[in-house]
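What follows is a set of notes on a single structure, which appears directly below.
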Amino acid sequence: MTTLINMQEHNTDINQDSEWKRPDTLSHLKAHTLTRISEVMILDSQCGLLVLKRSLQNLPHRKAFEVFSKQMKLLAQKCLNPYFRCEGVDFFYLCKNDIYLVAAFVSPESDDTISVVLYLDLLQRLYDIMKDCIGTVNEAYVTVNRMLIFELLDEVVNSGYCFVSSYAEVKPHLTFEPIRPTIPQPDDLASRFFGITVGDGARLQAGSTELKSKAPNSAYINIVEELSAVFSPNGEVRSAELWGKLTLISTLDQPCPIFIQLNSDLVILTSKCNEGQVAGAVHIDNPSFHPSVDTSLLVKKKVLRVLPPPDQTRLMVYTLSDSACIHIPVVLIPSLMPIDDSRDYKFSLRLINQAESRARASYIRVKVKLPSWVTSVSTTKSGDNQSSHFDSQETSAEWEVKKSAGRTEAFITFRLINPKDKSINLSDIGPISIAFYMTQFSASGLVVNMAKMETQSPDPLSVPPNFFFGVSTKAASYIVRTDVPKD
């Protein structure tokens, strides 16, 4: 026992006399050797920006996106290495399904060795987390769940470092719920995609058999916009952005160029040339074009010259992030009131379709997260084309309005059965998510005014081609945050 005590005293003296020193190796570590990143981007197959997370502020806004998309368009994926350096920025990327997952950071001043494996492993872990979160990682799912992806990246990538390795770690901190986009059946897709407006010499009825079967010697020009927005309980828009695409399906007999006339008051904003917002005009941000599109007449005459490739082509992809330039078609206003002489509450939803009367919204689905102590609900609806459902497992209420014309409103009232006699505030309910599909409406205001062939056939007996125009808007992430106080 005496020997043991003497050894302990000896060790104590050694610890007191010695001083801890930082290993020299740590002082030489650089940010890139620790896999620190400046930005994470998710791009579609044509390098349209879907999501951008800036974890550091050491790169100019959108510089990494512009450099990467330029290199991808010049060299294509087969020739572009998964790691490359360009214009003072280091890039790593993975191609998954129809999207690119990209990490970027400022190039180091010295030519130190960079661990490519670490960065690609980080992107693979981000992909796995997103896959566990939204189910499928492709353009459709990322676009619909854009707000959730933003929130996910905020939690995963912090100050340039990736601290989280699994969805289970980050799930308790997320407020948005994943949305599963529904894929229309081919016939339904054709009728929605083409049966909207018919222009020039063709005045065919929407949804006709000839239209659905892609009439010969025709061109189908369609604008589809996906709208994300966050609202306060009084209907005020807190934030809004959209992603849009202009597509063309051609069955023309002769491969002759087409002139596509857009809005005469169109204002195109880019990061290189930002002229500012113009009151009353139609705005789009940072458009990217298919190689078949000639944009030489776009700035002055708002005309695209296109040599139609066979089958379907995405001619232009664009965004719009200025809420003041976005037309909001659907607004939902919730209200909560206690019921006299009862522990229950009356929760009402007012759905306002403020688009023009010719616009039509279909399959509007509203999902409300309710407090856990609400055991059941009863409903009172304002129309016949409505249905509601209460999910006891998720403690959520769902309301579906099959059709809604512009300039109309719909109402529903839920009686919240409250057996525990607990007080309920509006902030205890939600968030409220809304999904809809609207035809004859463009949230940006972008439309195709006219389309015509560059040259007419010399044969006087030849039949002129038909042009079909369409425009529609659908909700990507449409959220009412009830925890925001009313003004």
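Would you pick out the residues in the stretch 289-337 that are of a type in the set (G, A, S) and in contact with a Leu (Cβ under 9 Å, 6 or more places away or on another chain)? Residues satisfying the conditions are S292, S321, S335.
Those residues that are in a loop (DSSP other than H, G, I, E, B), of a type in the set (V, I, T) and either modelled with pLDDT under 75 or open to solvent by less than 30 Å² (accessible area, probe 1.4 Å) (or both), I need them from the stretch 159-196; list them, please. Answer for the stretch 159-196, where residues must be in a loop (DSSP other than H, G, I, E, B), of a type in the set (V, I, T) and either modelled with pLDDT under 75 or open to solvent by less than 30 Å² (accessible area, probe 1.4 Å) (or both): V164, T182, I183, I196. Checking each residue in the stretch 257-283 for being open to solvent by 50 Å² or more (accessible area, probe 1.4 Å), more than 11 Å from L298 (Cα to Cα) and at pLDDT 90 or above picks out only D265. Taking each residue of the stretch 361-373 that is closer than 19 Å to E225 by Cβ and looking for partners that are of a type in the set (S, T, N, Q) and open to solvent by 10 Å² or more (accessible area, probe 1.4 Å) with beta-carbon atoms closer than 7 Å, six or more apart or interchain, yields A361/S404; I364/S404. Please find, within the stretch 453-487, the residue that is farthest from F150 (Cα to Cα) out of those that are open to solvent by less than 70 Å² (accessible area, probe 1.4 Å) and at pLDDT below 80. Ranking the candidates gives S462 first. Scanning the stretch 352-386 for residues that are within 30 Å of G470 (Cβ to Cβ), hydroxyl-bearing (S, T, Y) and either open to solvent by 50 Å² or more (accessible area, probe 1.4 Å) or in contact with a Cys (Cβ under 9 Å, 6 or more places away or on another chain) (or both) yields a count of 2.
Could you tell me which residue of the stretch 113-153 is surrounded by the most Cβ atoms within 10 Å (Cβ to Cβ), considering only residues that are in contact with a His (Cβ under 9 Å, 6 or more places away or on another chain) and at pLDDT 80 or above? Step by step, filter the stretch 113-153, then rank; the result is Y119.
Look at the stretch 157-173: where a residue is on the phi < 0 side of the Ramachandran plot and touching a residue at least 60 places away in the same chain (Cβ under 8 Å) and a partner is in a loop (DSSP other than H, G, I, E, B) and of a type in the set (S, T, Y), sitting 6+ places away or on another chain with Cβ atoms under 9 Å, you get V157/S55; N158/S55; Y161/T35; Y161/S55; C162/T35.
Restrict the check to the stretch 327-335 and report whether at least one residue is over 30 Å from Q254 (Cβ atoms), assigned to a loop (DSSP other than H, G, I, E, B) and modelled with pLDDT under 90. No, the stretch 327-335 contains no residue that is over 30 Å from Q254 (Cβ atoms), assigned to a loop (DSSP other than H, G, I, E, B) and modelled with pLDDT under 90.
The values are calculated or read from the model by the stated rules, or taken from the named source; none is laboratory data. Note that this is a predicted model, so its numbers are computed, not measured. For neighbour counting, all protein chains shown are included, and Cβ atoms are generated from backbone atoms with ideal geometry for every residue, glycine included. Just the protein is used for accessible areas: all its heavy atoms, side chains included, with ligands, DNA and RNA removed. Shrake-Rupley method; radii C 1.70, N 1.55, O 1.52, S 1.80 Å.
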